[in-house]
């Protein structure tokens, strides 16, 4: 039985990746700071949860020992420059060194659509620039023998996402939706398709050395995405696009509020670049995956489906 270490395995995408890998017979190891965070995956057959700090390079080398592959899903959407540097650049650098040192040949890295190692100085946001630098670090390691595959997803949706669910919940509360970046373009990709792509890459040696853009079948503006979420949840609200200056002021206010912000100025900067497939690298079809769009999935979990999902989850955890 082959063994894979999955960093970020307790997160939204990670949980789906772990399920796919467990079904395929992989022995999966998921490190986490607190084991309670892994309650959604620890029931999976062949999965081991370990409490560990993955930012400690010595710990990484010990975790990697005896594994055949590594999947890196660790990412953040908000933070200071130092936070993006630590998570998106320094961690991949440590992973590359640890893999080469521990003799783990295979790494599948989840980057982001719009990232490109050659654009580390020109990408419009701190988030994207850090993703570019992270890719550059891993590509340098690939020249030393690391068997690397890079996956660049667009915005990811699914039953437990913080994207369509957020827009649906806001429309249950507010009579209209003031929206910054309303004309920004995305190509939303289903989390199950992303998870299937990760599993397929680990199976297919032909994916080594490749970069894939993971995108859904339709291009949508943010305004259209918000409208879809409202319709699917049964609470369609008028969308009020905000001028850029007002949108940035709104984002600043959200940054200053307690907790993780719903939107940041850096998010708005990211949206200056279309989050759609460039066509310069292969996509899901090259991995034998037919992409599913949000219109086919979202109504099942944003309407009554999302409430039933929550009840099932609470019942399962008792």
field: Checking residue 228 against (1) in contact with a helix residue (DSSP H, G or I) (Cβ under 9 Å, 6 or more places away or on another chain); (2) closer than 30 Å to residue 208 by Cα; (3) surrounded by 16 or more Cβ atoms within 10 Å (Cβ to Cβ), the condition it does not meet
entry: (2)
Failed condition for residue 122, given (1) closer than 20 Å to residue 267 by Cα; (2) surrounded by 24 or more Cβ atoms within 10 Å (Cβ to Cβ): (2)
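Just checking, which of 20, 88, 109 is in a strand (DSSP E or B), in contact with a helix residue (DSSP H, G or I) (Cβ under 6 Å, 6 or more places away or on another chain) and in contact (Cβ under 8 Å) with a residue 40 or more places away in the chain?
Working: 20 fails: in a strand (DSSP E or B); 88 fails: in a strand (DSSP E or B).
Being in a strand (DSSP E or B), in contact with a helix residue (DSSP H, G or I) (Cβ under 6 Å, 6 or more places away or on another chain) and in contact (Cβ under 8 Å) with a residue 40 or more places away in the chain holds for just one of 20, 88, 109, which is 109.
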query: What number of residues in region 112-147 are part of a helix (DSSP H, G or I) and touching a strand residue (DSSP E or B) at 6+ places or on another chain (Cβ under 8 Å)?
result: 6
query: Are there any pairs with C-beta distances below 8 angstrom linking a residue in region 219-242 that is on the phi > 0 side of the Ramachandran plot to a residue that is modelled with pLDDT under 95 and surrounded by 16 or more Cβ atoms within 10 Å (Cβ to Cβ), with the two at least 6 apart or on different chains, and if so which?
result: 234/303
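Sort through 240, 262 and tell me the only one that's touching a strand residue (DSSP E or B) at 6+ places or on another chain (Cβ under 9 Å), farther than 29 Å from residue 141 by Cβ and not in a helix (DSSP H, G or I). Write out each step before concluding.
Numbers: 262 fails: touching a strand residue (DSSP E or B) at 6+ places or on another chain (Cβ under 9 Å).
Answer to the selection: 240.
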- request: Can you run down the residue pairs with Cβ atoms below 7 Å, 6 or more apart or on separate chains, where the first is in region 188-214 and at positive phi and at pLDDT 95 or above and the partner is surrounded by 20 or more Cβ atoms within 10 Å (Cβ to Cβ) and not in a helix (DSSP H, G or I)?
  value: 209/148
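On the basis of being surrounded by fewer than 20 Cβ atoms within 10 Å (Cβ to Cβ), touching a strand residue (DSSP E or B) at 6+ places or on another chain (Cβ under 9 Å) and either closer than 21 Å to residue 148 by Cα or modelled with pLDDT of 95 or more (or both), does residue 69 make the cut?
On the way: surrounded by fewer than 20 Cβ atoms within 10 Å (Cβ to Cβ): no; touching a strand residue (DSSP E or B) at 6+ places or on another chain (Cβ under 9 Å): yes; either closer than 21 Å to residue 148 by Cα or modelled with pLDDT of 95 or more (or both): yes.
For residue 69, the condition - surrounded by fewer than 20 Cβ atoms within 10 Å (Cβ to Cβ), touching a strand residue (DSSP E or B) at 6+ places or on another chain (Cβ under 9 Å) and either closer than 21 Å to residue 148 by Cα or modelled with pLDDT of 95 or more (or both) - is not met.
Residues are listed down the side, and each one gets a yes or a no for (1) closer than 19 Å to residue 6 by Cα; (2) assigned to a strand (DSSP E or B):
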residue: 149; (1), (2): yes, yes
residue: 162; (1), (2): no, no
residue: 168; (1), (2): no, no
residue: 175; (1), (2): no, no
residue: 178; (1), (2): no, yes
residue: 181; (1), (2): no, no
residue: 197; (1), (2): yes, no
residue: 217; (1), (2): no, no
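Report the residue count in region 219-237 for those that are part of a loop (DSSP other than H, G, I, E, B) and under 21 Å from the mean Cα position of the chain (by Cα). Reasoning before the result, please.
Of all residues in region 219-237, those part of a loop (DSSP other than H, G, I, E, B) come to 219, 234-237.
Those left that are additionally under 21 Å from the mean Cα position of the chain (by Cα): 219.
Of the residues in that region, 1 qualify.
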query: residue 43 fails exactly one of the following numbered conditions: (1) in contact with a strand residue (DSSP E or B) (Cβ under 9 Å, 6 or more places away or on another chain); (2) more than 24 Å from residue 260 (Cβ to Cβ); (3) modelled with pLDDT under 95. What is the number of that condition?
result: (1)
- line: Exactly one of 196, 168, 182 is under 30 Å from residue 299 (Cβ atoms), touching a helix residue (DSSP H, G or I) at 6+ places or on another chain (Cβ under 7 Å) and crowded, with 23+ Cβ neighbours inside 10 Å, and that residue is 168
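If I ask for residues that are within 23 Å of residue 160 (Cα to Cα) and surrounded by fewer than 23 Cβ atoms within 10 Å (Cβ to Cβ), which ones from region 200-219 would you list? So that I can check it myself, show each step before the final result.
First, the residues of region 200-219 that are within 23 Å of residue 160 (Cα to Cα): 200, 213-219.
Matches in region 200-219: 200, 217, 218, 219.
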message: Can you tell me which condition residue 259 does not meet? The list is (1) surrounded by fewer than 20 Cβ atoms within 10 Å (Cβ to Cβ); (2) modelled with pLDDT of 95 or more; (3) out of contact with any helix residue (DSSP H, G or I) (no Cβ under 8 Å at 6 or more places or on another chain), and all the others hold.
response: (2)
message: Every residue in region 281-318 that is at pLDDT 95 or above and assigned to a loop (DSSP other than H, G, I, E, B), please.
response: 281, 282, 288, 289, 290, 291, 292, 293
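The values are calculated or read from the model by the stated rules, or taken from the named source; none is laboratory data. Model, not experiment: these values are computed from the prediction. Here the Cβ is made from the backbone with ideal geometry for all residues, glycine too, and neighbour counts use every protein chain on show.
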